[in-house]
Amino acid sequence: MAARSASRELNVSEIPTVLEEYARHSLHRDPGVVHPPSAMLNRKLSVLREDITKVSADAIVNAANNRLAGGAGVNGAIQAAAGAQLLQECLTLNGCETGDAKITKGYMLPARHVIHTVGPIYYQHDRQVANRLLESCYLRSLQVAVENDVKTIAFPSISTGIFGFPIMEASPVALNTVRQFLQSAEGSTIERVIFVLFGKEDEQVYRMTIPKYFPQSD
Ligand code: ADP
C-alpha cells in the first residue's frame, strides 16, 4: 500500500454544505435576507477555516498579483505547496489584469488546477471601483472554472490580506457574486463552492454573512 502523505488532504465530500450546517445548527437564520432561500443552492456552498492548499477540489483560487509571480500570504503558501513548476507555468502567462483570472495546473497540490485572480489593492481605488473589481475576480474565476470543466472550487478571501480590503465589505461582494453565478444557467455545472478562511475572525464574518445571501430553506 502506498504511504499516506504526511500533510492532511481534505476531500470535498468531507466538507459539510451550508444546508447540512443549518440542519445541525452551526449556522443560524438572519432576518435581513437579501435573496430567497434555496435548498439547491445551499447544497452547493461550504465555509470552513483551513489552509486552502490542503483542499482537494477540482480547483483552488489564488489571490495573486499582476505579474503572477511569487508573493506572500495565500499566494506564497500555494506556490510553496505546488512546487517550482507552478511558478514556471505562471511566468508563461504574461501576467493578469486586476479583476481577471487565469488557470494553471495544480502540480503537487491535491487540487487539479489553480485559478489565479488578482484582487484590487483597496486604497488605490474609490470604494465603488474596488467593489466592482473584487466582484469581477469572483465572477471571472467562476467563468474560467466552467470553461475548464471544474465542478468544485475553493476560494480564499481575495484582497483582504496584504491588499487591505475590509472583510466586512468584501464578504457580501463574494457571497452575492457566487450566489448570482450559481443560480444562472452559466453556473449550473458548478457542484460546490467552498470559502476557505484562514483566521477565526474571518470565518465568523462569513458565518454571519452567509445567512443573508444563502438563507435557511426550511
Ligand atoms: P491579498 O493580497 O489578495 O490581500 P493575501 O494572501 O494577503 O491576499 O490574503 C488573502 C487572504 O488569504 C487573507 O485573509 C489571508 O489570511 C488568507 N490566507 C493566507 N494564507 C492562506 C492559506 N494558506 N489558506 C487560506 N487562506 C489564506
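Summary of values
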read-out	value
Fraction of the pair-distance distribution of the chain above 32 Å, Cα-Cα pairs, percent	13
Binned Cα-Cα distances of region 88-152, short to long, each 10 Å bin given as a whole percent	21, 46, 27, 7
Size descriptor, Kirkwood hydrodynamic radius, that averages inverse alpha-carbon separations across region 1-109, Å	16.5
Mean ellipticity per residue at 222 nm, deg cm²/dmol - from DSSP H runs of n ≥ 4 across the chain, formula -39500 (n - 2.57)	-11000 deg cm²/dmol
Ranked packing of 70-76, 55-61, most packed first, by mean Cβ within 10 Å	55-61, 70-76
Filter on K102/K212; K105/K212; K54/K151 - keep pairs with C-alpha separation over 25 Å	K102/K212; K105/K212
Length added when fully stretched, Y123-E97, from 0.36 nm per residue minus Cα-Cα	7.6 nm
Dipole magnitude of region 42-213, debye to nearest 20 (Cβ charges: Lys/Arg +1, Asp/Glu -1, about Cα centre)	300
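No lab work stands behind these numbers, since they all come straight from the coordinates. The structure presented is a predicted model; accordingly, all values stated were derived computationally and were not measured. With ideal geometry, Cβ positions are generated from the backbone for all residues, glycine too; neighbour counts draw on all protein chains shown.
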